[in-house]
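The values are calculated or read from the model by the stated rules, or taken from the named source; none is laboratory data. Keep in mind the model is a prediction, meaning the values are calculated, not measured. Every residue, glycine among them, receives a Cβ derived from its backbone with ideal geometry; neighbour counts consider all protein chains shown. Quick note on the areas: whole protein, heavy atoms, side chains included, nothing else; ligands and nucleic acids left out. Shrake-Rupley method; radii C 1.70, N 1.55, O 1.52, S 1.80 Å.
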Amino acid sequence: MWGFELELKKSLRTKKFWLILVLILLIYAMAFREVRDNLEGATNPGEVLVTSLVGYIAVSAFLFIGVYALMAGATSVNNDLENGTVRVALSKPLGRASYLLGKFLGQALSIVVAMVFATLLSFAVTKYYGLSLTASLAGDLVLSNLLILLTMLQLLALGLLISTFVRSSNTTLGLALVLFFVTGLVMPQIVDGFAEDKAKEEFGIEKWGDFSKLSPEEKRAYRERLDELYREYHLKYLFYIPQVLMLDIFTDIDKTTFNDDGTYTVEYIGVKRAIADNSAQTALIVGLIPIYLGAALFRFRRMDLR
């Protein structure tokens, strides 16, 4: 309990935490105009609104809260080693497991505060556009934030594991940033390229001009197959990157059907249905949290804290 209170107070006082809240606020401020454009002419404005808001929440979490979560975990143990906090803490009647779990829970609660802030902003945007905050709409917004929270907790647990291997907080900070951008931005681009090559091979597309020769039915089949390959390759090669799996789930909150006349129809599916349809992705996001945390506990028990 002592470790939890100490880490919570420390997390809420850091400049990084308050910077994250400001960045989330700016994301929503910039989203106001785009949301309005999305709602113009919509026959189902409530569903279009939640689709837009979930997208903005996911982007803000991916770019900002995710970096904060990984950095907070990655600099926790080694930073305490450098300033001597860990030795002071363990001089009290507090075991190593309790100390590390207290750090995780304290930092996790600071992420919860950030996500609650994002949820309240979602409700504010809903009221701003004069839409009724129905139980269904509120439930979808809360559920989407819960999924994002689990994604961030996995990054926090991974950062905590990294922190038990590298003793220098500055080195770990740089490593965490490189790891986040390589896994979250570079690796998905590479893997998606493999999926696109596979789809082109199956449909006999050797150069871009070949795509225009496909019939409308073949183009539709190509897009559907490409989406299948994206998910298949993400599960196979990027299962350890929760941000990618999270975005795959959110992609299914609506379904786009391309019509023969060149137009398309958007059907709202819902967050609950999207999570159910992507059970493997959801299980990986949830299941890797205790695995990373357990590995961090195992490593921390055997660390030389001198």
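Of everything in region 219-254 that's at pLDDT below 85 and part of a helix (DSSP H, G or I), which residue is farthest from residue 142 (Cα to Cα)?
Pass one, region 219-254, residues at pLDDT below 85: 219-220, 254.
Now drop any that are not part of a helix (DSSP H, G or I), which leaves 219-220.
On the way: 219: 36, 220: 33 Å.
Top of the filtered list is 219.
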Condition first: of a type in the set (Phe, Trp, Tyr) and open to solvent by less than 10 Å² (accessible area, probe 1.4 Å). Now tell me which residues in region 130-187 satisfy that. 180
Considering only region 34-50, I want to know if a residue exists there that is open to solvent by less than 50 Å² (accessible area, probe 1.4 Å), modelled with pLDDT under 70, among the small types (Gly, Ala, Ser) and outside any helix (DSSP H, G or I). yes
Please report, ordered by residue number, the helices (runs of 4 or more DSSP H) entirely within region 82-174 with at least 3 residues that are within 19 Å of the chain's Cα centre (by Cα). 96-128, 135-163
Of the residues that make up region 210-227, is at least one closer than 30 Å to residue 299 by Cβ, free of Cβ contacts under 8 Å to residues at least 12 places away in the same chain and out of contact with any strand residue (DSSP E or B) (no Cβ under 7 Å at 6 or more places or on another chain)? no
Within region 92-111, the residues that are in contact with a Phe, Trp or Tyr (Cβ under 6 Å, 6 or more places away or on another chain), open to solvent by 60 Å² or more (accessible area, probe 1.4 Å) and within 30 Å of residue 19 (Cβ to Cβ) are 105
